[in-house]
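Just so it is clear, none of the values below were taken in a lab; they were calculated from the coordinates. Remember, it's a predicted structure, so these values are computed and weren't measured experimentally. A quick note on method: Cβ atoms are made from the backbone with ideal geometry, for glycine too, and the neighbour counts reach across all protein chains shown.
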Amino acid sequence: MTGLARSEIRDSDIIALADRVSREGYRKYLRRMTLVKIRGFNDRRVSFDFPVTALIGPNGGGKTTVLGAAGIIYQSVPPRLFFAKSGKYDRSMQDWIVEYDVIDRDLARSNPQRTASFRRAKWNRTALAREVRVFGISRTVPASERRDLVKAVGSRFTAKSETELDPAVVTAAERVLGKPMTGYASLTVDSAGKITLYAVSAQGGTYSEFHFGAGEASIIKIISGIETAPDNSLILIEEIENGLHPVATQRLVEYLVDAARRKSVQVIFTTHSNDALTPLPPSAIWAAYNGELLQGKLDIRALRTITGQVEAQLAIFVEDDFAELMVATALRQVDNIELDAIKIHGMGGAVPARTVNHQHNVDPTRTFDSICILDGDQTADHSDNVFVLPGTTYPENYVFDNILTNIDPLAAKLTVMLGLRVEQQEWVKEVVKDRALTNIDRHMIFEQIGEDLGFLAGLVVKNAFLTLWAQNSQDARDMVAPFLDRLPLRS
């Protein structure tokens, strides 16, 4: 999976938050829901195993349906906000049903089941009390295009009140936007206090939201809304990346994870951005497409392949990024293969890789087939187009041990492939042998070797080891042999 940079959220925080969900350590929390029948979904289940959940998928794939379904079991979210009915033109809504498992310590039964259904032209639901903050696409509409701010246009406008942003909001917004946020204030436009406008006083003068970037105002609204929300609230955000630079998108999700830790809020957001997924574990990501829901760290590139939005002759689904590199390297050793016609995608684990491969191949509308190549500790099933990498453990471990065993005759080649001078080969040999003894997690060994060799990028080290493995071993060709007849050939 691609990303801007490694997330600054600590692994220990991710583990602690996931553990809290599994222990049901919340006063109010939406644990899971079953989309019995709603729009394109039938009997599909979503579990919220992490307090910040990302919904990804193509346009029309059902992300907003899942988001809206999560909200309408609570009293503060009117169903028409997500599922409005337009007379006879929305007859398909009849018999829609969503079932819920929730945590609510304010009730006699702390883990009640609830249902929302649409029957006899109206919604029926056993709604619960919980604060829900919804941030829709309208948050990124420029102030100059908002009808509710007409009163604020003109030289005579004076706000009903002016309130400086809370220090917690300022600190968080500065982190996300990467700029000073002192001097920002919220202006009340109407007497009821429901319409607000932001303004800032800085060295360059005083200017209002009419001259902000849409993303800047959106960040302030989201962070202000979350910081003022009660603990255990539910936060729903549509298209979180709208109006934001990729760096700001990743930082905003990091803020959401931190808010979940501090305030016990639950957040569900939709996105088309891979950068929004970087801080999250696989259990926090759900893909919605073609009436299916799949949990795991898919990325947007993989979804485009799955849904036929890219030209390809074969898709290959693997477990992770390293397996992507390993398969691509092995394929380059085979003559006459049309590599540009093959799309390889890491799926964040064996289960999603198997599942997506199977679903893709049974889809009668598919325009090309797929295969699945899992790590060596998994089981092959050629009848379902499932194959395995060589070895019986992590592929990183297998490739590293292969080079380590032959490090003396291969040291010169490895040194050159790493971009170092050939006379530095003894240094390279020493580093590789030392790391073989001191490394604990083989997933990290190539990054560690890179650090030892003058801070080379981990990707450079991986490619060097993989290329050397493929060129000096029959394993790469043997790995490809079982599915060689499925590979597209050059014309």
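Going down the list LYS221/LYS297; LYS122/LYS151; LYS221/LYS343, which pairs span over 30 Å between their C-alpha atoms? Violating the 30 Å Cα-Cα cut-off are LYS122/LYS151; LYS221/LYS343.
Around the amide H of LYS37, modelled in the peptide plane, lie the amide H atoms of ASP43, ILE97, all under 5 Å away and 5 or more residues distant in sequence or on another chain. Look at [x] 183; [y] 198; [z] 155: the one that is volume of the Cα convex hull per residue in Å³ derived from this structure is [y]. Taking other residues whose beta carbon is less than 13 angstrom from the beta carbon of SER117, and scoring Lys, Arg as +1 and Asp, Glu as -1, yields +4. Using a cut-off of under 19 Å, list every residue of segment 297-322 whose amide N is near the label point 7 Å from the Cα of THR379 along the Cα-to-beta-carbon line. Label zone hits: 319. Taking the number of Cβ atoms within 10 Å of each Cβ as an exposure proxy, the fewest-first ranking of SER191, SER491, SER161 is SER491, SER191, SER161. From Cα pairs below 8 angstrom and at least 6 apart in sequence, can you work out the relative contact order of segment 5-82, rounded to a whole percent? Once divided by the residue count of segment 5-82, the mean separation gives 21 percent. Of the residues MET93, MET347, the one with the fewest other Cβ atoms within 10 Å heads the list, and the complete ranking is MET93, MET347.
For segment 428-491, the set of chymotrypsin sites (Phe, Trp or Tyr not before Pro) satisfying both a DSSP loop assignment and a count of at most 11 other C-beta atoms within 10 Å is given as PHE455. Along the charge dipole of segment 78-229, Cβ charges K/R +1 and D/E -1, which of THR196, THR115, TYR184 sits furthest on the positive end? Farthest along the dipole direction, towards plus: THR115. For segment 115-190, trypsin sites (Lys or Arg not before Pro) are listed when DSSP marks them as loop and at most 16 other Cβ atoms sit within 10 Å of their Cβ; the list is ARG120, ARG146, ARG156, LYS160.
Spatial offset of segment 353-373 relative to segment 231-257 amounts to 32 Å, using the alpha carbon center of each. Once C-alpha pairs closer than 8 Å and six or more residues apart are averaged by separation and normalised to the residue number of the chain, the relative contact order reads 14 percent. Across the options GLN378, TYR398, GLY349, the greatest Cα extent toward the positive end of the charge dipole of segment 311-491 (unit charges at beta carbon of Lys, Arg, Asp, Glu) belongs to TYR398. When the chymotrypsin sites (Phe, Trp or Tyr not before Pro) in segment 248-296 are filtered for DSSP coil states and for at most 16 other beta-carbon atoms within 10 Å of their beta-carbon, no site remains. For segment 356-464, the mean projected area of the C-alpha convex hull, equal to one quarter of the hull surface, is 8.7 nm².
Under a model in which nothing but the beta-carbon of Lys, Arg (+1) and Asp, Glu (-1) is charged, segment 292-368 shows a dipole of about 160 debye around its Cα centre.
Whole-Hz Karplus values for segment 190-195 come out as 10, 5, 6, x, 8, 10 Hz, taken residue by residue from phi with 6.51 cos²θ - 1.76 cosθ + 1.60 and θ = phi - 60°; glycine and proline positions read x. Placing unit charges on each Cβ (+1 for Lys and Arg, -1 for Asp and Glu) gives the chain a dipole about its Cα centre, and among VAL461, LEU410, PRO142 the Cα reaching farthest toward its positive end belongs to PRO142. Considering only GluC sites (Glu not before Pro) in DSSP loops that have at most 14 other Cβ atoms within 10 Å, the longest stretch of the chain without any of them is 25-310. For the chain, the antiparallel share of DSSP beta bridges with both residues in that region comes to about 60%. Taking other C-beta atoms within 10 Å as the exposure proxy, ASP321, ASP384 rank ASP384, ASP321 from fewest upward. Neighbours of ARG435, meaning other residues whose beta-carbon lies under 14 angstrom from its beta-carbon, give a summed charge of -4 when Lys and Arg score +1 and Asp and Glu score -1. Counting only Cβ charges, +1 for Lys and Arg and -1 for Asp and Glu, the dipole size of the chain around its Cα centre is about 2740 debye.
For LEU293, the shell of other residues with beta-carbons less than 11 Å away shows a net charge of +1, using +1 for Lys and Arg and -1 for Asp and Glu.
For segment 280-414, the convex hull spanned by the alpha carbon atoms encloses 130 Å³ per residue.
Per the Debye calculation on segment 143-212 with a single equal scatterer at every Cα and no solvent contribution, log₁₀ I(q)/I(0) for q = 0.12, 0.24 Å⁻¹ amounts to -0.33, -1.15.
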